[in-house]
Amino acid sequence: MIESDMTAVLSDKVKEATLAQIPMKQFGQAEHIADATVFLAGQDYLTGQVLAVDGGLSM
């Protein structure tokens, strides 16, 4: 869950339920996605990777 205008309209109940599932106990920020994108774009030997930027949700 990345905090954005789209997720801001979700009910508090949905937000709380989602937050309870995230090990880092916080929603992601746009900067987290940007940081991951810059990292991946800066690699010249990294190919075919999937990088989960989800606060540990997919663990």
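Quick note: the coordinates plus some simple rules give every number you see, no bench work behind them. These figures come from a predicted structure and were not determined experimentally. Methodologically, a virtual Cβ is constructed for each residue, glycine included, from the backbone with ideal geometry; neighbour enumeration extends over all protein chains shown.
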Quiz item: Based on the Kirkwood radius over alpha-carbon pairs, what is the Stokes-Einstein translational diffusion coefficient of the chain at 25 °C with 0.890 mPa s viscosity, in µm²/s?
Solution: 190
Practice problem: Along Cα→Cβ, 7 Å out, is where each label goes; now give me the distance between the ones at LYS15 and TYR45 in nm to one decimal. | Solution: 4.4
Quiz item: In the chain, which trypsin sites (Lys or Arg not before Pro) are in a loop and have at most 15 other Cβ atoms within 10 Å, using DSSP for the loop call?
Solution: LYS25
